[in-house]
Amino acid sequence: MDHFQYKAEELYCEDVPVRLVAEKVGTPCYIYSLATLRHHFLTFDSAFAKARHLTCYSVKANSNIAILKLFGSMGGGVDIVSGGELYRALKANIPSERIVYSGVGKTVEEIDFALREKILMFNIESTQELEQINRRAEAMNTTASVSLRVNPDIDPNTHPYISTGMKKNKFGISTDSALQAFEDAKNLKHINLVGLDCHIGSQLTEVTPFVDALKRLRSLVETLRLRGADISYLDLGGGLGIVYDQEAPPQPHEYARALLQELGDIDCTLIFEPGRVIVGNAGILVTRVLYTKRTKAKNFVITDGAMNDLIRPSLYGSFHGVQPVARNLKETETVDIVGPICESGDFLARDRDLPLSTQGDYLAVMSAGAYGFTMSSNYNSRPRAPEVLVSGDKYFVIRKRETWEDLVRPESIPDFLGGN
Ligand code: LLP
């Protein structure tokens, strides 16, 4: 359920016409619906109401501090993967005891930052990382709480770039090595092993891989407890998919039912790290038609939004619905929707039936709230798009459009070239 609907042939975000925002802030721009964000967070979180749990929203999906603040105010924690994400989380006043830190390559600087802030736990991805965190904790005269991220070797049936729990992936520690890692951890005085963790991939559209991963984790919890481990947290990662096109992913309550059933009476606080399922369908990218061009092979609609704004179609071949902001009954044509970037891989959609577009029309690229802005770049020296949050009949710019000045601000010209 989302709050992007047509009213009298005009696309609205809640009670604000999308055209109005596009005219005021310019295009391309991201627009998010507060009511949808709230609804998705609540739906996910309440699906686990019966279990002791913490929903740690995955910051990488959409890291705007206004959005982090919203989830924090709803009782959420966060899953972070860098010092930058920790910085954002703290800016948004997320309590440090609700922060978990994943990722295979945490640097000393990032580890120190997280130790200083006393986050809830690190999700450990290798033995060397475990030793590094122990050394840093010792240097800082503290103890680090950690979970072992287990790679359960489960195929999540999703795009290979976003599968993370198969043995060929770089993530986590294999189930076999987990026992050894536990023994290692016991000898490290500044490590407190409190949990197990896994995250097997993103945009999963069936529940079975989640349940299979959980089975492996559960039996590992039992084995570790028999060896004296005090496992009080089980982090099941994120990964629940959404509808972009014709997918039929499980609803959060179906996902929760299947997991809770498999968990039985295991006595652990559960942690979840959902990203896409919360923010994906709560955002759109609005772009304007600059030109149309017909060739013998193709019809092109050239927009001011490009792969630097939304890279998912180019990178993963992902489908995003594209809808006219002003719907009319014009005839349709099959088009490629492309941006101004100098690469043939710069497209937002291919071979799409769209009402005939004319210069100046606005188009909405749907389901762009997750991994949209956060994966955007300045390629071709294009300033990154603004982000707008709509609530009811009001809208708020939560990130300004970058300027050309912003693009060159961190750069400098050495004196021998004439200086700045
Ligand atoms: N936890 C960990 C450790 C993760 O690596 C991820 C995502 C999540 C949670 C959140 O997963 P979600 O619930 O959003 O599926 N850029 C790709 C997605 C990459 C996902 C990376 N990890 C895309 O645009 O599809």
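Hand me the GluC sites (Glu not before Pro) from region 276-360 located in a DSSP loop with no more than 11 other Cβ atoms within 10 Å, in residue order please. Don't skip to the end; give the middle numbers.
Working: sites: 331, 333, 343; in loops: 331, 343.
Qualifying residues, ordered by number: 331.
Pulled fully out, how much extra length does the chain show between residue 93 and residue 139, if you take 0.36 nm times their separation in residues and subtract their Cα-Cα distance? Display every interim value, and only then the final one.
Values: separation 46, 0.36 × 46 = 16.56 nm, distance 2.69 nm.
Result for the pair: 13.9 nm of gain on full extension.
Could you state the principal axis extents of the C-alpha atoms in region 34-279, from the largest down, to the nearest angstrom?
Principal extents (largest minus smallest coordinate, Cα): 49, 38, 34 Å.
Sum up the charges of everything whose Cβ sits under 12 Å from the Cβ of residue 124, counting Lys and Arg as +1 and Asp and Glu as -1, but leave residue 124 out.
So the surrounding residues net to -4.
List the trypsin sites (Lys or Arg not before Pro) within region 169-214 that DSSP assigns to loop and that have no more than 16 neighbouring Cβ atoms inside 10 Å. Mind dumping the intermediate values first?
Details: sites: 170, 186, 189; in loops: 170, 189.
Those satisfying the criteria are 170, 189.
No solvent, one uniform scatterer per C-alpha: report log10 I(q)/I(0) for region 298-420 via the Debye equation at q = 0.11, 0.16 1/Å, two decimals.
-0.47, -0.87
Out of residues 5 or more away from residue 77 or on other chains, whose amide H comes under 5 Å of its own, with H placed 1.01 Å from N in the peptide plane?
Residues meeting the criterion, in which the H sits 1.01 Å from N, are 55, 56, 57.
Once you have the Cα-Cα distance between residue 266 and residue 300, take 0.36 nm times their residue separation minus that, and quote the gain in nm to one decimal.
Working: separation 34, 0.36 × 34 = 12.24 nm, distance 5.59 nm.
Length difference between fully extended and current span is 6.6 nm.
In region 54-182, how many lysine pairs have Cα atoms under 20 Å apart, counting only pairs 8 or more places apart or on different chains?
Going through region 54-182 pair by pair, I get 9.
What is the spin-label model distance, in nm, from residue 291 to residue 49 if the labels are put 7 Å beyond Cα along the C-beta direction?
Output for this residue pair reads 5.6 nm.
I'd like the trypsin sites (Lys or Arg not before Pro) in region 253-323 restricted to DSSP loop residues with at most 14 other Cβ atoms within 10 Å, sorted by number. Write down the numbers at each step before the final one.
Details: sites: 257, 276, 288, 293, 294, 296, 298; in loops: 296, 298.
Listed in order of number, the matching sites are 296, 298.
For region 140-258, what size does the Cα cloud have along each of its three principal axes, sorted from largest down, in whole Å?
Principal extents (largest minus smallest coordinate, Cα): 52, 28, 28 Å.
Could you work out [θ]222 nm for the chain from helices alone, using -39500 (n - 2.57) per DSSP H run of at least four and dividing by all its residues? Round to the nearest 500 deg cm²/dmol. Please list the in-between numbers first.
On the way: 12 runs with 119 residues, N = 420.
Value at 222 nm, helices only, nearest 500: -8500 deg cm²/dmol.
Comparing 238, 228, 280, which has the greatest mean-square fluctuation in the GNM of the chain with Cα pairs linked when under 10 Å apart?
228
Based solely on C-alpha atoms, express the radius of gyration and the Dmax of region 217-294 in angstrom.
19.8, 70
Add +1 for every Lys or Arg and -1 for every Asp or Glu among the other residues with Cβ under 15 Å from the Cβ of residue 136, and state the total. Present the calculation step by step, with values, prior to reporting the outcome.
On the way: positive: 106, 116, 118, 135, 189; negative: 109, 110, 112, 117, 129, 131, 138.
In short, -2.
Would you list which aspartates and glutamates come within 17 Å of residue 7, measuring only between C-alpha atoms, while excluding same-chain residues fewer than 8 positions from it?
Reachable aspartates and glutamates: 15, 393.
Please list, in order along region 83-97, the HN-Hα scalar couplings obtained from phi with the Karplus expression 6.51 cos²θ - 1.76 cosθ + 1.60 (θ = phi - 60°), rounded to whole Hz, x for Gly and Pro.
Karplus values, whole Hz, x for Gly and Pro: x, x, 5, 5, 4, 4, 4, 5, 4, 8, 6, 6, x, 5, 6.
A short reminder: the numbers here are calculations on the coordinates, not readings from a lab. As the structure is a computational prediction, the values presented were derived from the model and not from experiment. Quick reminder, even Gly has a Cβ in these numbers, built from the backbone with ideal geometry, and neighbours come from all protein chains shown.
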